[in-house]
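Trainee: Okay, handing you the structure first.
Nothing in this text is a laboratory measurement; each read-out follows from the coordinates by a stated rule. All of these numbers come straight from a predicted model, not from anything done at the bench. So basically every Cβ, Gly included, is an ideal-geometry build from the backbone, and we count neighbours across all protein chains shown.
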Amino acid sequence: MGCRYAHGEGVKKNLQETVRLYKLSADQGNAKAQFNLGCYYKFGRGIEKNLPEAVRLYKLSADQGCAEAQNNLGYCYMYGEGVEKNLQEAVRLYKLSADQGCAEAQLSLGFYYQNGTGVKKNLQEAARFYKLSADQGYAAAQYNLGYCYHNGIGIETNLQEAARLYKLSADQGNAQAQYSLGYCYLKGIGIETNLQETVRLYKLSADQGNAQAQNNLGYCYSNGTGIETNLQEAVRLYKLSADQGYAAAQYNLGSCYQNGSGIETNLQEAARLYKLSADQGYSEAKKQLVYLESSCILF
């Protein structure tokens, strides 16, 4: 009944009534209700946010074997939300959940095995967990597994399989997969080159705020790659990316200011952007900054 009030199925949506009904059921030991109520406390839906209470309810549910609760409780331990941070306990709970087929837990375990977080680094095990999750259609896992195939991480390089997985993830709206698939179309990696498809995918990703896609789409507009040249649009996209701290975009935007490309020349702004980029180790920005300073153009 709580679910019906939560989603407005046959009754008027009422989160407070949802919480009341979940409480009644949770107090009787219903694991699903305990999990659902924990989520409401975690996100402050229909009730004041209370992370320790969310953790308490997740524990009650997880101890009864609820995979979703084990996954969410693992997240709480991993990031110290409502409970003291404990990476080993997080991994233990994720394993319990993953063994029951929870795609989100499988994704998380893959990430932790890939990076050695709370568990010994094991790239083969990372790829295995990503595959379990990806096979269930989980978009983030499809992207991560595609990345593994692309770069030979824990699995033999297979560019065609990487592109296939990127596409599955991109079709679900994953911004990073859209960017990566766009790059594959640009360079002909595992798939036939298609510059128009590159631009289309970069746009989808950039519209979600992906800094790499914003920069690369700006480059396409700057050079007429797969789309008509538009220097003003290139500058706009470089700015969006640079404002997120993306070094390549800071350099590209600096170059626009230096050369008056799509924007009025401003050498001081060019130098500022080159410095931001150079401070992140971007070599071309370092060269241009040295050039501007040594040639006394700034003075």
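Trainee: Quick check on the exposure proxy: order L109, L145, L267 from fewest to most C-beta atoms within 10 angstrom.
Mentor: On the way: L109 29, L145 32, L267 14.
Listing L109, L145, L267 from fewest to most nearby Cβ atoms yields L267, L109, L145.
Trainee: While we're looking at this one, here's another question. Counting other beta carbons within 10 Å of each Cβ, put S25, S222, S133, S294 in order, fewest first. Don't skip to the end; give the middle numbers.
Mentor: Numbers: S25 18, S222 21, S133 27, S294 8.
If I rank by nearby Cβ atoms, fewest first, I get S294, S25, S222, S133.
Trainee: Moving on to the next point. Which angle from 0 to 90°, rounded to the nearest 10, does the C-alpha axis of helix 87-99 make with the longest principal axis of the chain?
Mentor: 70
Trainee: Modelling each spin label as a point 7 Å along the Cα-to-Cβ direction, I'd like the K187/K286 distance in nm, to one decimal.
Mentor: My value for the distance between the label points is 2.2 nm.
Trainee: Please give the charge dipole size of segment 1-100, origin at the Cα centre, charges +1 on K and R Cβ atoms and -1 on D and E Cβ atoms. Round to the nearest 20 debye. Please report the intermediate quantities before stating the final value.
Mentor: Details: 14 positive and 11 negative charges, 53 e Å.
Its charge dipole is roughly 260 debye.
Trainee: What translational D, rounded to a whole number of µm²/s, comes out for the chain from Stokes-Einstein when the hydrodynamic radius is the Kirkwood one over Cα pairs, at 20 °C and 1.002 mPa s? Don't jump to the answer; show the numbers that get you there.
Mentor: Numbers: Rh = 22.1 Å.
Calculated translational D: 97 µm²/s.
Trainee: So what is the 222 nm mean residue ellipticity for the chain from helices alone, if each DSSP H run of at least 4 adds -39500 (n - 2.57) and you divide by all residues, rounding to the nearest 500 deg cm²/dmol? Kindly include the intermediate steps, with their values, before the conclusion.
Mentor: Values: 17 runs with 207 residues, N = 299.
Mean residue ellipticity, 222 nm, calculated: -21500 deg cm²/dmol.
Trainee: Subtracting the Cα-Cα distance from 0.36 nm times the residue separation, let me have the gained length for L24 to Q208 in nm, one decimal.
Mentor: Result for the pair: 62.2 nm of gain on full extension.
Trainee: If we sort 89-98, 56-65 on the protection proxy, mean other Cβ atoms within 10 Å, highest first, what's the order?
Mentor: On the way: 89-98: 22.4, 56-65: 20.8.
Those peptides, ordered most packed to least, come out 89-98, 56-65.
Trainee: What size of dipole, in debye to the nearest 20, comes out for segment 222-299 about its Cα centre when the only charges are +1 on Lys and Arg C-beta atoms and -1 on Asp and Glu C-beta atoms?
Mentor: Values: 6 positive and 8 negative charges, 34 e Å.
Result for segment 222-299 is approximately 160 debye, rounded to the nearest 20.
Trainee: What nm distance separates the two modelled labels at N194 and Q100, each placed 7 Å from Cα along Cα→Cβ?
Mentor: In this crude spin-label approximation the distance works out to 4.1 nm.
Trainee: Right, next: Between L87 and L159, 0.36 nm times their residue separation minus their Cα-Cα distance comes to what?
Mentor: On the way: separation 72, 0.36 × 72 = 25.92 nm, distance 3.36 nm.
Here the segment from L87 to L159 would lengthen by 22.6 nm.
Trainee: In this model, which of K32/K95; K49/K95; K23/K95 are farther than 25 Å apart at the alpha-carbon? Walk me through the numbers on the way to the answer.
Mentor: Details: K32/K95 19 Å; K49/K95 27 Å; K23/K95 28 Å.
Long pairs (Cα-Cα over 25 Å): K49/K95; K23/K95.
Trainee: Can you find, among S25, Q114, I227, the residue sitting farthest towards the positive end of the charge dipole of the chain, where Lys and Arg contribute +1 and Asp and Glu -1 at Cβ?
Mentor: Toward the positive end, the furthest listed residue is S25.
Trainee: Go ahead and collect, in residue order, the members of segment 72-101 whose backbone nitrogen is under 16 Å from a label point 7 Å along the Cα-Cβ direction of K49.
Mentor: 76, 79-83
Trainee: Is the shape of segment 166-227 best called rounded, prolate or oblate, per the rule: a/c under 1.5 gives rounded, else a/b larger than b/c gives prolate, else oblate, with a ≥ b ≥ c the square roots of the Cα gyration tensor eigenvalues? List each step's numbers first, then the result.
Mentor: Values: a/c = 2.08, a/b = 1.11, b/c = 1.87.
Oblate, since a/c reaches 1.5 and b/c is not below a/b.
Trainee: Taking the simple approach of a point 7 Å from Cα along Cα-to-Cβ for both L231 and N259, what is their distance in nm?
Mentor: 0.9
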